[in-house]
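Encoded as C-alpha cells, the structure appears first; notes follow it.
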Amino acid sequence: MQFITAGLRVFQLIFTIIVLALSVKLAKGQEVGSVPAETGYAAFTGGFGILAAIVGIAALFVDSLDGLVTMVLDGVSGLALLAGGIVYAVRLRGTSCSDYYTTWDNVLLNGGCIKLNSEDFVRCAYTKGQLKPRCTSATADAAFMFLGFVMCVAVVGASFVFRGRR
C-alpha cells in the first residue's frame, strides 16, 4: 500500500517541480512591466505543491504527519493547482503556438508591451520567433498544473482508502 502512495507522491513532486520551473522561466522572461499575476500564482501553486508532496513523503516515514493533515494539505494544493490550470487555460484560449497573430498580444506570452509614439503603435518584448517557445512553456505549465491536480486527488483518495493499513 505504501508503494502506491509513494509512487503517487513522487509523481506529485515531479509535476509540481515542473510547474514551478516553467512558471519561474516565464516570469524571468518578462521584459516590460511586472510579471502577470497568473504567472506569479502558477509559481505559488508549484511551490505549494512541492511542499505538500514533501510533507506527504515525510508522512510515509513519520506516523504523526500521516492522516488528516496531509489530506487537507493535498486537498488545498490540488484546488490551487486546479485554479491555476483553469486560469492559464482561459488566458491561453484561442491561441495557437504556431500562429503569431494569436500569441503576440497575450499577456502571459509577450513579455510586456509598451505604446510608442501614439496609441496606435504597440511594441511588445518578444517577436515572432521568440513567442512560440514561450507559448509552448505556458501550455505545458497549464497541463502540468492539471496533472498535479490529478495527482493530489489520487493521493487523497489513496490516503483515504489505505489509512490505518501499514
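Quick notes on this one:
- When the charge dipole of the chain is built from unit charges on Cβ atoms (+1 for Lys and Arg, -1 for Asp and Glu) and taken about the Cα centre, the candidate among 127, 153, 114 whose Cα reaches farthest toward its positive end is 153.
- Check: the chain dipole with +1 on Lys, Arg Cβ and -1 on Asp, Glu Cβ, in debye: 280 debye
- By the beta carbon rule, with partners counted only under 4.7 Å, the chain holds these lone Cys residues: 152.
- Where the alpha-carbon atoms of the chain are placed on the principal axes, they occupy 68, 25, 20 Å, in descending order.
- Overall form of segment 24-70 per C-alpha gyration tensor (a/c, 1.5; a/b vs b/c): prolate
Every number here is computed from the coordinates shown, using simple stated rules; none is lab data. Here the structure is a predicted model, which is why all the values come from computation and not from measurement. Every residue, glycine as well, gets a Cβ built from its backbone with ideal geometry; the counts of neighbours run over all protein chains shown.
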